[in-house]
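Participant: Pasting a structure below so you can have a look.
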Amino acid sequence: MSAPAVRFAGITRRFPGVAALTDVGFDVAAGSCHAICGENGAGKSTLGRILAGIDRPDAGTITLFGEAVRFRQPRDAMAAGVAIVHQELALWPELSVAENLGMGRMPRRGPLVDRRALRAHAEALLARVGAAIDPDRRMGALSIAEQQLVQIAMAVGADARIIIFDEPTSSLGERETERLYAVMAALRAQGTTTLYVSHRMPEIFRLCDTVTVLRDGHHVATTPTAALDEAAIVEQMIGRRLEQFYPSHAAGTAGAPVLEVEGLSAAGGRVRDISFTLRAGEVLGLAGLVGAGRSEVARALFGLDPTARGRVRVRGLEATIRSPREAMALGLGLVPEDRKGQGLVLGMANRENGSLPSLPRFASRGVVDRARESAATGAAFAAMTMAADAEAATVTLSGGNQQKVVMAKWLTAESDLLILDEPTRGVDVGAKAELHAWIDRHAAAGGAVLLITSDMPELLNLATRILVLREGRPAGELARADATQASLLRLMSGLGAA
Amino acid sequence: MPSPSFVRTLVRSPQAGLTGVLLVLWGLLALAAGSHQDPLGGGTVNNFLNAHTLIQMATDASGFAIMGVGATIVIISGGIDLSVGAIYALAGVAMAMVLRAAGPLPPVAAFGLGLAVCLGVAVTCGLLNGLMVVGLRVHPFIITLGTMWILRGIAFVMSRAESILVPTSLTAVAKASLGLGRSLSPVPLLAMCAVTAIGAVFLTRTVAGRYVFAIGGNVEASRFSGLPVARSTIGVYVISGLCAGIAAFLGAAFYGSATSSDANGYELYVIASAVVGGASLVGGKGSALSAMIGALLIVTIRQAIRTLHFDQNYEWIIIGGALIAAVVIDQGGTRLLTRLREAR
Ligand SMILES: Nc1ncnc2c1ncn2[C@@H]1O[C@H](COP(=O)(O)OP(=O)(O)OP(=O)(O)O)[C@@H](O)[C@H]1O
Ligand SMILES: [Mg+2]
């Protein structure tokens, strides 16, 4: 047996108030794809960051291919052949895609950057992950999924021996996800070792040989995938059996129309002719490939798109929504797709983020009543199974817990017409089930939900009807009974429809 | 004897490091300053630690601190206001000219009219800054750099660079001893404490204050949460202007006159007070109390030069060096405290 690619021994990392990792030790076999599973906040990302030299353990050692290493900074890890795809986007939004990809090893001609070589390098990397992105575009102008692809290209292009993927698919659509799987296969053929963090069970079974489960920062087990099933992994994660992943629905009866949209166009006309009716008690799914215009519809409805045109009626009354304030006054709430950029003020406490849209409700004469604020946000955090301290700064939370804080904002605001754009991005299985149950209850109580999600099972399970978009146009509508993964994909891609 | 929990709160507060630096500095100054015989009552008086010097220092600090509270609020929102010194000058000059034109008035009327003109002009200037920052979408650094020159220019032209006296009834109020004994005037000190307290309540307790933090922390997320971003942004410049107006009123009343060159270069002291107090220039972080402590620190450094009879020619060098040292010590201390707390 050759030496393991990575040997963690006794890794411990404490933050003020939490032990993120306690005495974690296990081996990652060379050339394998090794899954790391665990609930939100279990310590997966922290372990990845330590291996990539971004964070340093308080105790413990790392051995790479039999050689003890001690990384003081990311550069050291890169030099040792370790690359990471971060859970959160870590890029330069004001620079071009090519510059982002060339960062740290700019090709030069004399003292100047060789722009042509830089562009060629970027094109080659993007081709490797099968991404059709113009290298000259500004990073910040790309969609979240496209940014994620660039980030993957960056790590793959580093020609590392070991690559950590921290929830790479959480913001990718079907098509991009398939491409990533192909990339993973190519890496495996090359003998690259990969650590793969994900909350999506099917892909773990598809990609990984071995599964390590962490719980509350402790190592629970490292087991060959062949010896496990989904229920067994979840049991290791939460310490008990989870009976139902998707709760059964209270058969909602659709009530009066809450939101009627007619001939909506958005994003400067890139999205056009969108019409639909959302009734009380309904969960309307909005499906489409990445770039189909789903988020653009959400932004237009929430008053965030000055180019939006078309007729919108809310509860039967004609409405022109020009700002989120006006949208909120009509009872709308939006969970945006980019939690870090649009959903959260990371430096604020969880309580403060949770109450941000509804703060005046907890104030009299402009002075905030802390007790009422804490009670309301605390209830919303509990409903989302967000276990972190309400007074901790949101920036210190794990990705999944941050997502729960974004959801909690709109729970606290008691919006009855919710637009959810990828609401379970990076949320663990248990919490996802809670969230689904909450959406069901919300609908049953007469609320309405417009659901955008790239997670097929989630869409098929929750939506009462599904509207499919393709390249900014409506491509069809399916009732829950007629919707299957295959029929949806056909409509989304337009293949086999003609 | 303060209870242990009170001490713990104090040590844990974000102001602990800076307050510590300030107290140590005062202690050292008291030790190094020596003492003299009181010519009237007899007995020895410390050259630094005496009521007169301390109140004089508080008076010097009050202008910086009051404007520093405004600057802190602007900086928390992610902006910057370079025009406070110019607003100070214009508001003071405008008040003095109106009072001169109005002729002799009963004390209460003079006081009321002066205050109204001074604050009115200052708030209008702040409102203009805010409207331009929001409406023209130009970085506040540029807008307020522009208004800094424009407003001082207006004050200069208006007053023809004259020094204009203000009625003695105003001076009587600003220099009132409030029963503390002669030649002691605690009014600026009290005004400084009042403005700081109001600023602290605004920032930590009100909806509008919370919005300032949110907008400075992440404008995009604030917009997505339906916050009144434009109104809040205009508001912080109005507050900054108002603070400059309060400082101008106190200053003109205290010293008995106003000129267009008043508060020249104050904007940097004011911003320094806020930033030394821990306000982050990228926004989202800061406190009113810290701004006041920051102002006191800067004034203490200046006072030290006088008390210790350093060569005045080295004033700038000493102020610059001490400023950097104070912040480094504060940050080092904060880091140490965090480490101790984590170790528990
Ligand atoms: N900089 C930090 N300061 C304080 N606490 C932190 C910090 N970074 C992480 N933590 C805490 O460490 C714990 C582990 O976080 P980590 O991000 O590793 O979780 P995770 O397993 O990746 O979760 P998720 O599935 O939500 O991404 C959490 O409790 C988190 O709040
Ligand atoms: Mg994570």
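Participant: Rounded to the nearest 500, what is the 222 nm mean residue ellipticity of chain B from helices alone, with -39500 (n - 2.57) per DSSP H run of 4+ residues and division by all residues?
Facilitator: One gets -25000 deg cm²/dmol as the mean residue ellipticity at 222 nm.
Participant: Among residues other than residue A:446 whose Cβ falls under 14 Å from its Cβ, what is the net charge (Lys/Arg +1, Asp/Glu -1)?
Facilitator: With Lys, Arg at +1 and Asp, Glu at -1, the neighbours total -1.
Participant: Which order do A:70, A:241, B:205 take by accessible area at a 1.4 Å probe, largest first?
Facilitator: Descending accessible area places them as A:70, A:241, B:205.
Participant: Ranked by accessible surface with a 1.4 Å probe, highest first, in what order do A:326, A:471 come?
Facilitator: A:471, A:326
Participant: OK, next. Can you pull the accessible area of residue B:269 for me, 1.4 Å probe, Å² to the nearest 10?
Facilitator: 40
Participant: What dipole magnitude, in Debye to the nearest 20, does the protein assembly as shown give about its Cα centre under +1 on Lys/Arg Cβ and -1 on Asp/Glu Cβ?
Facilitator: Roughly 1020 debye for the protein assembly as shown.
Participant: Also, I was wondering about something else. In whole Å, how far is the Cα centre of segment B:157-178 from that of segment A:443-498?
Facilitator: Centre-to-centre distance over Cα atoms comes out at 74 Å.
Participant: While we're on this one: In percent, how large is the relative contact order of chain A, given Cα pairs closer than 8 Å and 6 or more residues apart?
Facilitator: 15
Participant: On a 0 to 90 degree scale, rounded to 10, what angle separates helix A:370-383 from the longest Cα axis of chain A?
Facilitator: In chain A, helix A:370-383 runs at an angle near 70 degrees to the longest axis.
Participant: With the contact rule set at Cα under 8 Å and sequence spacing of 6 or more, what percent relative contact order holds for segment A:257-492?
Facilitator: Contact order relative to length: 28 percent.
Participant: What do you get for the angle between helix A:144-157 and the principal long axis of chain A? Use alpha-carbon atoms, 0 to 90 degrees, nearest ten.
Facilitator: Its long axis makes an angle of about 10 degrees.
Participant: Of the DSSP beta bridges with both residues in segment A:406-493, give the percent that are antiparallel, rounding to the nearest 5.
Facilitator: 55
Participant: Here's a follow-up. Count the net charge of all other residues whose Cβ sits under 13 Å from the Cβ of residue B:302, scoring Lys and Arg as +1 and Asp and Glu as -1.
Facilitator: Computed value for this residue: -1.
Participant: Hey, another quick one. For residue B:281 and residue A:391, what is the calculated FRET efficiency with R₀ set at 30 Å and r taken between the beta-carbons, to the nearest 0.05?
Facilitator: 0.75
Participant: Hey, another quick one. In square angstrom, rounded to the nearest 10, how much accessible surface does residue A:44 have for a 1.4 Å probe?
Facilitator: 20
Participant: Select from B:283, B:332, B:245 the residue whose mean-square fluctuation is largest in a Gaussian network model of chain B (Cα-Cα springs shorter than 10 Å).
Facilitator: B:332
Participant: For the protein assembly as shown, give me the percentage of DSSP beta bridges that are antiparallel, rounded to the nearest 5 percent.
Facilitator: Rounded to the nearest five, the antiparallel share is 60 percent.
Participant: If you don't mind, there's one more thing I want to ask. With every protein chain in place, what's the accessible area of residue A:78 (1.4 Å probe, Å², nearest 10)?
Facilitator: About 130 Å², rounded to the nearest 10.
Participant: Rounded to a whole number, what % of the accessible area of the protein assembly as shown do carbon and sulfur atoms account for, probe 1.4 Å?
Facilitator: About 60 percent, which is the carbon plus sulfur part of the accessible surface.
Participant: Which residue, chosen from A:212, A:147, A:362, occupies the Cα position most advanced towards the positive end of the dipole of chain A, where the dipole is computed from +1 (Lys, Arg) and -1 (Asp, Glu) charges on Cβ about the Cα centre?
Facilitator: The residue sitting farthest along the positive end of the dipole is A:147.
Participant: For the A and B pair, go ahead and give the buried accessible area with a 1.4 Å probe, both sides summed, in Å² to 100.
Facilitator: 2000
Participant: Counting only heavy atoms of the protein chains, get the accessible area per residue of chain A (1.4 Å probe) and round it to a whole Å² value.
Facilitator: Each residue of chain A exposes 41 Å² on average to a 1.4 Å probe.
Participant: What helices does chain B hold that run 18 Å or longer along their axis, going by alpha-carbon atoms, with a Kyte-Doolittle average of 0.5 or more, using DSSP H for the helix calls?
Facilitator: Flagged H segments are B:16-33, B:51-76, B:84-102, B:107-136, B:140-159, B:187-205, B:229-255, B:288-307, B:315-343.
Participant: Here's something else I'd like to know. How many Å² of accessible area per residue for chain B, probe 1.4 Å?
Facilitator: Here the residues of chain B average 46 Å² of exposed surface.
Participant: Enumerate by residue number the trypsin sites (Lys or Arg not before Pro) in segment A:96-152 meeting two conditions: DSSP loop (anything except H, G, I, E, B), and at most 15 other Cβ atoms within 10 Å of the site's Cβ.
Facilitator: In loop regions of segment A:96-152 (DSSP not H, G, I, E or B), the sparsely surrounded trypsin sites (Lys or Arg not before Pro) are A:105, A:137.
Participant: Right, here's the next one. Can you sort A:219, A:442 by 1.4 Å-probe accessible area, starting with the largest?
Facilitator: The ranking, largest first, comes out as A:219, A:442.
Participant: Okay, next question. So which residues of segment A:337-376 lose at least 20 Å² of accessible area, probe 1.4 Å, when you go from the chain by itself to every protein chain present?
Facilitator: Output list: A:341, A:342, A:345, A:348, A:352, A:356, A:359, A:360, A:366, A:367, A:368, A:370.
Participant: Suppose the chain between residue B:205 and residue B:331 were pulled fully straight at 0.36 nm per residue; how much longer would it get relative to their current alpha carbon spacing?
Facilitator: Extending this stretch completely gives an extra 42.7 nm.
Participant: Next up: Taking chain A as the reference, fit the longest principal axis to its C-alpha atoms, fit the long axis of helix A:429-444 to the helix C-alpha atoms, and give the angle between the two in degrees, 0 to 90, nearest 10.
Facilitator: 0
Participant: Another question, then. Pairs of Cα atoms under 8 Å, at least six residues apart: use those to get the relative contact order of chain B, whole percent.
Facilitator: Relative contact order, chain B: 32 percent.
The values are calculated or read from the model by the stated rules, or taken from the named source; none is laboratory data. These numbers come from a predicted model, not from an experiment. We place every Cβ from the backbone using ideal geometry, glycine too, and count neighbours over all the protein chains shown. Just the protein is used for accessible areas: all its heavy atoms, side chains included, with ligands, DNA and RNA removed. Shrake-Rupley method; radii C 1.70, N 1.55, O 1.52, S 1.80 Å.
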